[in-house]
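**Q** Sharing a structure below in structure tokens format, with a few things to ask.
Every number in this text was worked out from the coordinates using simple rules, so none of it is lab data. These numbers were taken from a predicted model, which means no experiment stands behind them. In this analysis, Cβ positions are derived from the backbone assuming ideal geometry, glycine residues included, and neighbour counts consider all displayed protein chains.
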Amino acid sequence: MKKTNKMTLTALIAAITTISSSMIYIPVGFAKIFPVQHFANVLSAVLLGPWYAVLQAFISSSLRNMLGTGSVFAFPGSMIGALLAAFLYQKTKKLSFAAFGEVVGTGMIGAIATYPIAVLFLGQEATLFGLVPAFAISSITGALMGYGLLKVLIRNHAIGGMIHENSANNRRF
């Protein structure tokens, strides 16, 4: 896939994610659970590769924060999840590993990375125990949605050679 096509698809996924954030989210305490971001991360990881997946997560998080539909907690979680999902997919070429990478990257590592931000802004020491379950539930839901859509698209030959073109053979940024 050409660089222009990758940038266009990255922007399109980020735009859809940003627009849907005002419609589909679940408020849990001080965080907003947003499974569509995790869905987009899995799609970006598989279709675009690691750096474009991280870029998509950053753009979506930035726009959602500017529009007031997201929180500062979106940055570390979504970006780490997108990166891990893309790297695991790139190494294994298995959709299940992309979904697993999103869950571990966002649900566990991203939640732990968000802990210092939560302590800084909220001043609560017990926030880690609130972040991990919230991030895990959201990332599991979104990763399963992304995994399901990609399986259907592959089975119906709807995305052609995009998947394997971006996994291991095309590592250029």
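**Q** At a Förster radius of 22 Å, what calculated FRET efficiency corresponds to the Cβ-Cβ distance of Phe129 and Ser62, to the nearest 0.05? Write down the numbers at each step before the final one.
**A** Working: r = 28 Å, r/R0 = 1.27.
In this case the efficiency is close to 0.20.
**Q** Follow-up. Excluding same-chain pairs closer than 8 in sequence, count the lysine pairs in the stretch 1-145 whose Cα atoms lie under 28 Å apart.
**A** Number of lysine pairs found: 9.
**Q** Rounded, prolate or oblate: which fits the stretch 1-126 when a ≥ b ≥ c are the square roots of the eigenvalues of the alpha-carbon gyration tensor, with rounded for a/c under 1.5 and prolate only if a/b beats b/c? It would help to have the intermediate numbers written out before the result.
**A** On the way: a/c = 2.15, a/b = 1.40, b/c = 1.53.
Oblate, because a/c is 1.5 or more while a/b does not exceed b/c.
**Q** Using only alpha carbon pairs under 8 Å that are at least six residues apart, calculate the relative contact order of the chain and give it in whole percent. Walk me through the numbers on the way to the answer.
**A** Numbers: 291 pairs, mean separation 44.4, N = 173.
This gives 26 percent for the chain.
**Q** So for each of 90-99, 147-156, 45-54 I average, over its residues, the number of other beta carbons within 10 Å; can you give me the resulting order with the highest mean first? Spell out each step's value before the answer.
**A** Working: 90-99: 18.5, 147-156: 14.0, 45-54: 25.5.
The packing order, highest mean first, is 45-54, 90-99, 147-156.
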